[in-house]
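K.L.:
Got a structure here, written out as structure tokens. Questions coming.
The values are calculated or read from the model by the stated rules, or taken from the named source; none is laboratory data. Keep in mind it's a predicted model, so treat the numbers as computed, not measured. In this analysis, Cβ positions are derived from the backbone assuming ideal geometry, glycine residues included, and neighbour counts consider all displayed protein chains. Areas reflect the complete protein model, heavy atoms only, side chains present, ligands, DNA and RNA absent. Shrake-Rupley method; radii C 1.70, N 1.55, O 1.52, S 1.80 Å.
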Amino acid sequence: MSLDPRLVMSSVIFGLSIGGIYFLLAIGLSLCFGLMRIISLDQLLYYSIGAFVTYSVGVATGQFWLGVAAGAAAGGLASLAVERLIFRRIYARDPTFSMITSFGLLFGGIGIIKFVWGVVPRPVEVPTLAQFDVLGTQIPVYRLIIVGIAVVVYALIWAFLHRTIVGKAIRAAIENVEHVEGLGINVGRLFTLTFVIAGALSGLAGGVYAPLILVDPMMGLEMLAFVFMVVIIGGLGSIKGTAISALIIGQVVSLGSLIYAPAAQMAPFVIMLAILLIRPTGLFGVALTRR
Amino acid sequence: MTAAKSLASRALSWWWGIAATLLATSLCAVLLPTPFMNEVMIFAIYVSGCNFLIGRLGFISFGQPAYLAIGAYCTAFYLFYVGTNPLVGLGVGVLGGLLGAIIIGPFFVRLRSDYFAMVNLALAVVLFYVTQKLLVSITGGDNGLWFLTQMQSTPLLDLTAPAQFLWFAIIVATAVTVMFKYLDGTIFGACCLASRLNEDKLQFIGYDNFKIRLVAFIIANTVTALAGAMYAIYFGFVSPEMGSPSRAAEPVIVTLLGGVGTLAGPLIGAFAYTGMKDVISNLIGNWELFIGFLLVFIMLVADQGIWGTLPPAARALLVHLRRAAGRARN
Amino acid sequence: MIELRQLRKRFDHADHDAVGPLDLRVPPGELLALVGTSGSGKSTTLHMINRLVEPSAGSVLIDGIDISGQDPVALRRGIGFVFQAIGLFAHMSVADNIAITPRLLRWPRDEVAARVDGLLELVHLDPAIYRARMPHQLSGGQRQRAAFARALAARPRIMLMDEPFGALDPLTRDELSAEFRTIHEKLGLTSIIVTHDMTEAFLLADRIAVMRAGRLVQIGTARALLADPADEFVRQMVRMPRLRAARLARAMGEPG
Ligand SMILES: Nc1ncnc2c1ncn2[C@@H]1O[C@H](COP(=O)(O)OP(=O)(O)OP(=O)(O)O)[C@@H](O)[C@H]1O
Ligand SMILES: [Mg+2]
């Protein structure tokens, strides 16, 4: 089979941008697991909220980027409320417990979204229609912007965790939460902070992805399985692993659909199963201490 | 007081429980609409597989639709392409589920429980795409496979007649319940529980965790496939929607609703869930909102489920009433 | 002052109490050694004092105040804790490890830096050399010193140490425990130190508490324990140093 190199080129860019979205979503899930040992499916809810808020603010003000900022803020706020009201009470329990609870939150949240925005899918206008010429291929600039945002977020998260004392404390708590607690550090606050960062990033992901899809209440569920795969392949609790696996899955989905569309949706699962067979904790999964 | 207690405990003792449940179910079968009861019974069988996984193994699976779909499609393939006897179709579906579980099990049961939950969901998504997009030539894609009119009636209980199918479903559900009850009493059942509570100790005593989990996994998901086969026969139709990952949480929710690990849990949960779904959908039309927050509520407040929460509450109420009555007499 | 009253702990799924009921008073300024066989509940007891483990029953009082009503975070800040497995954070330099609590408390930077240097000097690690080192670049004894320094960082008045010298050679062990005794006196701490080594307990502590199967068997000075052991178990424990000394003498006396 011969492939048009221009198609391949645009497909690679497409894969990078969708990988960027996966990364923004998966990083929160991964950090929350690493630190609090919870599986926070409700991140997908903040993703939907981010997209809807971006839509509404965009319609009201005509300002797309203002909408994205508001979407990220809304994701952060919603996650703050959820952490305070619900997750606080279940940190001590088994991870699967949090998985069920967060699934309930995701579902209930979808209900709320339906209540507020209705079930009709909403289009969000692409902020820039500019194209960009790479080796004779027209690449939409907006896709590159998404990739750029993902890269910046990665850098910021990295700097936060490696260069600030709070970030270092978070890493220390991922290593051993009891030792951090024993020093008289308020790990509850570290938990809240991490959860809110995750929620805001999910909101951001929803906002920036909104122009490329139709914003509808079920968008979170559609994304769920892919984010899962990214997190599993990367290994729960690893930032680098999450980034690498988001990159891989993005390319598999986009290049795969170039080769044989129906298989593209499935290929990531096959990869995931294969990786789990070789390494049951994912590519970069942290060795977990029992709590 | 003690007499009442011993009576209560005897009524709750399982054989009595099963007989009573059977009676109550039969009564419902006569009184309530047949389609509703049919769905409840099949759903209860579906959930009992999940209930076994969670309650006895401590493994939560968000991929039950996958095993349901395996059973349903195997039955459908037989009835659509090969034969006309629904009972044989049922057998094919169960066999398919058994084979599927034997193939998938060894890979999955090695995983830690949180990965297990996620990988199962992933499997459900894969199978959904397989049935919807990949094997369209065989599965008919979104159009599904229709074979309602191709099924031949069966003697004794005619499975093609909904009213008679219901009795068949009740018998199957009872058989499944009795099987799980029996398993609980065996060494295997004890090992399952032990493996749930303390993995290391079990290995120490000399039982192989992997094998126990594998067998439990196969049993649970063969039962799930059985439910899928029954759905296929009851509707005379299968489509990818049946195994849709968006319904992945249903069996888990219903298991929790009914009370994890209890024998009557699946039936009670299925009853409550199906009933609520009908009522709520008609009333407020926003099913997700309700079920989502119900789930959160269960997890935070009543994680024993209906079956686990109500009897103690009823007992407390009884004691309270008794005291009040005693005071009134004095 | 640390006071335990009818303190008990039973873990989930356990069929007996890991600790208790336990009554114990550690007056201000005392250095108490907690000894007992493995699994006798020493670590659990320490963890209950700074609320890393919540007791099943009974209470812990610090300076006469029941800690169950206190904010655990504030409580822990007033208590230096050295874990059984040292627990320096692997990805942080020695200075960061020591400074983490003060910095999260937003102490001024220069004050934190001065504190780190002061503590490193206190535990005899040259700040110029060791400040920037990572934990894996330290020897076991040096790590232990750094862990001390970290436990002292927030100016606690109480020190709890869970087998701090467990994995050290005897010479370093002796040296460190003697140094700790000096620090204990200099800072006016009230300390509990868990140890397996009876000799160490004799040499270091004001009083010795012997635990078995979660209960306190006897508590007293080394002299009291030797003179009047409460039961056979304590007798065996306190005779250990002498038995070993005797065995040693025999081994020396009869070479080959
Ligand atoms: N988190 C826990 N969950 C369940 N049981 C525990 C837990 N921590 C300790 N135990 C049990 O409590 C008992 C006391 O343990 P503890 O760690 O306090 O002993 P220890 O005296 O410190 O022993 P060692 O000298 O070996 O450190 C042990 O039987 C142990 O198995
Ligand atoms: Mg210990």
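K.L.:
Can you compute the modelled spin-label distance between residue B:102 and residue A:8, with each label point 7 Å from Cα toward Cβ, in nm?
P.N.:
Result: 4.4 nm between the two label points.
K.L.:
For the pair residue A:240/residue A:84, report the inter-label distance in nm, with labels modelled 7 Å from Cα in the Cβ direction.
P.N.:
It works out to 3.7 nm between the two label points.
K.L.:
Now a separate question. Given the whole protein assembly as supplied and a 1.4 Å probe, what does the accessible area of residue C:110 come to in Å², nearest 10?
P.N.:
110
K.L.:
Next up: Have a look at C:78, C:68, C:130 and report the one farthest towards the positive end of the charge dipole of region C:39-130, computed about the Cα centre with Cβ charges (Lys/Arg +1, Asp/Glu -1).
P.N.:
Working it through, the farthest residue towards the positive pole turns out to be C:68.
K.L.:
If you roll a 1.4 Å probe over the heavy atoms of the protein chains, what accessible area per residue do you get for region B:34-248, in Å²?
P.N.:
Working: 8050 Å² over 215 residues.
Each residue of region B:34-248 exposes 37 Å² on average to a 1.4 Å probe.
K.L.:
Now a separate question. Pop out a list of residues from region C:62-91 that are at least 30 Å² less accessible with all the protein chains around than in their chain alone; 1.4 Å probe, no ligands or nucleic acids counted.
P.N.:
Residues of region C:62-91 that lose at least 30 Å² of accessible area once the other chains are added: C:73, C:76, C:83, C:89, C:91.
K.L.:
If you place +1 on the Cβ of every Lys and Arg and -1 on the Cβ of every Asp and Glu, how big does the dipole about the Cα centre of region B:34-248 come out, in debye to the nearest 20?
P.N.:
Numbers: 10 positive and 9 negative charges, 82 e Å.
For region B:34-248, the charge dipole is close to 400 debye.
K.L.:
Another one. Based solely on its DSSP helices, what 222 nm [θ] is calculated for chain A when runs of n ≥ 4 H residues each add -39,500 (n - 2.57) and the sum is averaged over all residues, nearest 500 deg cm²/dmol?
P.N.:
Working: 12 runs with 212 residues, N = 291.
It comes out at -24500 deg cm²/dmol, rounded to the nearest 500.
K.L.:
Continuing with the same structure: How big is the Cα convex hull of region B:73-170 in projection, averaged over all directions, in nm²?
P.N.:
Average projection, Cα convex hull of region B:73-170: 7.8 nm².
K.L.:
Ok, one more. Per-residue mean of other chain beta-carbon atoms within 10 angstrom of the beta-carbon, peptide B:281-292? If you can, show how the numbers build up before the last one.
P.N.:
Details: counts 0, 0, 0, 2, 2, 7, 4, 13, 9, 3, 4, 12.
The shielding value for this peptide is 5.
K.L.:
Related question: Taking only Cα atoms and a 10 Å spring cutoff, compute GNM fluctuations for chain A and point out the largest among A:132, A:87, A:269.
P.N.:
Between A:132, A:87, A:269, it is A:132 that shows the largest mean-square fluctuation.
K.L.:
Leaving out ligands, DNA and RNA, calculate the buried accessible area for the pair A and B with a 1.4 Å probe, summed over both sides, in Å² to the nearest 100.
P.N.:
Heavy-atom accessible area buried at this interface is about 3700 Å².
K.L.:
Please give the peptides A:245-255, C:180-190, A:8-18 ranked by average Cβ packing (other Cβ atoms within 10 Å per residue), highest first, as a rough proxy for protection. Walk me through the intermediate numbers first.
P.N.:
On the way: A:245-255: 22.8, C:180-190: 15.8, A:8-18: 20.1.
The most tightly packed comes first, giving A:245-255, A:8-18, C:180-190.
K.L.:
Heavy-atom accessible area per residue, region A:67-125, 1.4 Å probe: how many Å²? Don't skip to the answer; put the middle values down first.
P.N.:
Values: 2480 Å² over 59 residues.
Accessible area per residue, region A:67-125: 42 Å².
K.L.:
What order do you get for C:75-82, A:152-159, B:41-48 when each peptide is scored by the mean count of other beta carbon atoms within 10 Å, highest first?
P.N.:
B:41-48, C:75-82, A:152-159
K.L.:
Sticking with this one: Give the ranking of C:91, B:320 by solvent-accessible surface, highest area first, calculated with a 1.4 Å probe.
P.N.:
Values: C:91 45, B:320 115 Å².
Sorted by accessible area, descending: B:320, C:91.
K.L.:
Taking all protein chains in place and a 1.4 Å probe, what share, in percent, of the accessible surface of region B:34-248 do carbon and sulfur account for?
P.N.:
68
K.L.:
A follow-up question, please. ³J(HN,Hα) across region A:22-27 via Karplus (A = 6.51, B = -1.76, C = 1.60, θ = phi - 60°), whole Hz, x for Gly/Pro?
P.N.:
4, 4, 4, 7, 6, 4
K.L.:
Starting from the amide H of residue C:80, placed 1.01 Å from N in the peptide plane, find each other amide H under 5 Å away whose residue is 5 or more places distant or on another chain.
P.N.:
Long-range HN contacts for residue C:80: C:157, C:158, C:159, C:160.
K.L.:
At 1.4 Å probe size, with the rest of the protein present, what percent of the exposed accessible area of chain C is carbon and sulfur atoms? Don't skip to the end; give the middle numbers.
P.N.:
Details: 6180 of 12000 Å².
Ligands and nucleic acids excluded, carbon and sulfur reach 51 percent.
K.L.:
By how many nm would the segment from residue C:129 to residue C:23 lengthen if fully extended, with 0.36 nm per residue of separation less the alpha-carbon distance? All intermediate terms of the calculation are to be shown ahead of the outcome.
P.N.:
Numbers: separation 106, 0.36 × 106 = 38.16 nm, distance 4.47 nm.
Separation in residues times 0.36 nm, less the Cα-Cα distance, equals 33.7 nm.
K.L.:
Which value does Rg/Rh take for the protein assembly as shown over its C-alpha atoms, Rh per Kirkwood? Intermediate values should be presented prior to the final figure.
P.N.:
Working: Rg = 31.8 Å, Rh = 30.9 Å.
Radius of gyration over Kirkwood radius for the protein assembly as shown works out to 1.03.
K.L.:
Compare each residue of region A:175-203 in its chain alone against the assembly with all protein chains, and report those whose accessible area goes down by 20 Å² or more; 1.4 Å probe, heavy atoms.
P.N.:
Checking the loss per residue gives A:175, A:178, A:179, A:181, A:182, A:183, A:184, A:185, A:186.
K.L.:
Residue by residue through region C:214-223, which ³J(HN,Hα) values in whole Hz follow from phi under the Karplus form 6.51 cos²θ - 1.76 cosθ + 1.60 (θ = phi - 60°), with glycine and proline marked x?
P.N.:
For region C:214-223, the Karplus curve yields x, 10, 7, 8, 7, 9, x, 6, 4, 4 Hz.
K.L.:
Run the helix sum for chain C: -39,500 (n - 2.57) per DSSP H stretch of 4+ residues, divided by residue count, reported at 222 nm to the nearest 500 deg cm²/dmol.
P.N.:
Working: 10 runs with 109 residues, N = 256.
Per the formula, -13000 deg cm²/dmol.
K.L.:
Further, regarding this structure: From other protein chains only, count the Cβ atoms within 10 Å of every residue's Cβ in A:82-89, then give the mean.
P.N.:
Working: counts 1, 0, 0, 2, 3, 0, 0, 3.
Going residue by residue through A:82-89 and averaging, the value is 1.
K.L.:
A further question on this structure: Take the alpha-carbon centre of region C:195-224, take the same for region A:118-146, and report the distance between them in whole Å.
P.N.:
73
K.L.:
Another question, then. With unit charges on the beta carbons (Lys and Arg positive, Asp and Glu negative) and the dipole taken about the Cα centre of the protein assembly as shown, which residue among A:236, A:269, B:124 sits farthest to the positive side?
P.N.:
A:236
K.L.:
Which shape class applies to chain C: rounded if a/c is under 1.5, otherwise prolate when a/b exceeds b/c and oblate if not, where a ≥ b ≥ c are the square roots of the Cα gyration tensor eigenvalues?
P.N.:
On the way: a/c = 1.98, a/b = 1.20, b/c = 1.66.
Since a/c reaches 1.5 but b/c is at least a/b, the shape of chain C is classed as oblate.
K.L.:
Further question on the same structure: What FRET efficiency would be calculated for the residue pair residue B:84, residue A:259, taking the C-beta separation as r and a Förster radius of 51 Å, to the nearest 0.05? Don't skip to the end; give the middle numbers.
P.N.:
Working: r = 41 Å, r/R0 = 0.80.
Once the sixth-power term is evaluated, E becomes 0.80.
K.L.:
To continue, here is another question. Could you give the dipole magnitude of chain C about its Cα centre, charging the beta-carbon of Lys and Arg +1 and that of Asp and Glu -1, in debye to the nearest 20?
P.N.:
Using Cβ point charges on Lys, Arg, Asp and Glu, chain C gives about 80 debye.
K.L.:
What is the distance in Å between the Cα centroid of region C:10-24 and that of region B:71-129?
P.N.:
What the calculation gives is 47 Å, centre to centre.
K.L.:
Once amide H atoms are placed 1.01 Å from N in the peptide plane, what residues at a sequence separation of 5 or more from residue A:186, or on another chain, have their amide H within under 5 Å of its amide H?
P.N.:
none
K.L.:
Express as a percent, rounded to the nearest 5, the fraction of DSSP beta bridges in the protein assembly as shown (both residues included) that run antiparallel.
P.N.:
Once the DSSP bridges in the protein assembly as shown are tallied, antiparallel ones form about 60 percent.
K.L.:
Using θ = phi - 60° and the Karplus relation 6.51 cos²θ - 1.76 cosθ + 1.60, list the HN-Hα couplings for region A:130-136 in order, rounded to whole Hz, with x at every Gly or Pro.
P.N.:
4, 10, 9, 8, 10, 6, x
K.L.:
To the nearest hundred square angstrom, how large is the accessible surface buried between C and A, total for both chains, probe 1.4 angstrom?
P.N.:
On the way: alone 12930 and 13670 Å², together 24730 Å².
Chains C and A together bury approximately 1900 Å².
K.L.:
From the residues A:39, C:55, B:76, which one has its Cα farthest along the dipole of the protein assembly as shown in the positive direction, the dipole being from +1 and -1 charges on Cβ of Lys/Arg and Asp/Glu about the Cα centre?
P.N.:
Checking the options against the dipole of the protein assembly as shown, the answer is C:55.
K.L.:
Which whole number gives the average count of other chain Cβ atoms within 10 Å of the Cβ atoms across peptide A:267-275? Don't skip to the answer; put the middle values down first.
P.N.:
Details: counts 1, 3, 8, 2, 0, 5, 7, 0, 0.
Neighbouring Cβ atoms belonging to other protein chains average 3 per residue here.
K.L.:
Here's another thing I want to ask about it. So, for chain C, what is the accessible surface per residue at a probe of 1.4 Å, expressed in square angstrom?
P.N.:
Values: 12000 Å² over 256 residues.
Accessible surface, normalised per residue, equals 47 Å².
K.L.:
Moving on to the next point. I'd like the carbon and sulfur percentage of the solvent accessible area for chain A, probe radius 1.4 Å, heavy atoms only, ligands and nucleic acids excluded. Don't skip to the end; give the middle numbers.
P.N.:
Values: 7560 of 10940 Å².
Solvent-exposed carbon and sulfur of chain A make up 69 percent of the total.
K.L.:
What is the Cα centroid distance between region A:172-202 and region B:261-279, reported in whole angstrom?
P.N.:
Their Cα centres are 39 Å away from one another.
K.L.:
Another question, if that's okay. In a solvent-free Debye calculation with one equal scatterer on each Cα, what is log10 I(q)/I(0) for region A:15-222 at q = 0.10, 0.15 Å⁻¹, listed in the order of the q values?
P.N.:
Ignoring solvent entirely, the Cα scatterers give -0.44, -0.92.
K.L.:
What is the dipole size for chain A, taken about its Cα centre, with +1 at each Lys and Arg Cβ and -1 at each Asp and Glu Cβ, in debye to the nearest 20?
P.N.:
On the way: 17 positive and 11 negative charges, 135 e Å.
With only Lys, Arg, Asp and Glu charged at Cβ, the dipole is about 640 debye.
K.L.:
Let me ask something else. Could you order peptides A:19-27, A:219-227, A:98-106 by the average number of other Cβ atoms within 10 Å of their residues, highest first?
P.N.:
On the way: A:19-27: 29.3, A:219-227: 22.8, A:98-106: 26.4.
Order by mean packing, descending: A:19-27, A:98-106, A:219-227.
K.L.:
Within the set A:240/C:42; A:240/B:277; A:114/B:133, which residue pairs have Cα atoms separated by over 32 Å? Walk me through the numbers on the way to the answer.
P.N.:
On the way: A:240/C:42 39 Å; A:240/B:277 43 Å; A:114/B:133 28 Å.
The answer is A:240/C:42; A:240/B:277.
K.L.:
Now for a different question. Rounded to the nearest 0.05, what FRET efficiency do residue C:230 and residue C:121 have when you use their Cβ-Cβ distance and R0 = 56 Å? Don't skip to the end; give the middle numbers.
P.N.:
Details: r = 42 Å, r/R0 = 0.76.
Working from the Cβ atoms, E equals 0.85.
K.L.:
Let me ask something else. In terms of modelled amide H atoms, which long-range or inter-chain residues lie less than 5 Å from the amide H of residue C:57?
P.N.:
Excluding prolines and chain starts, which carry no amide H, the hits are C:8.
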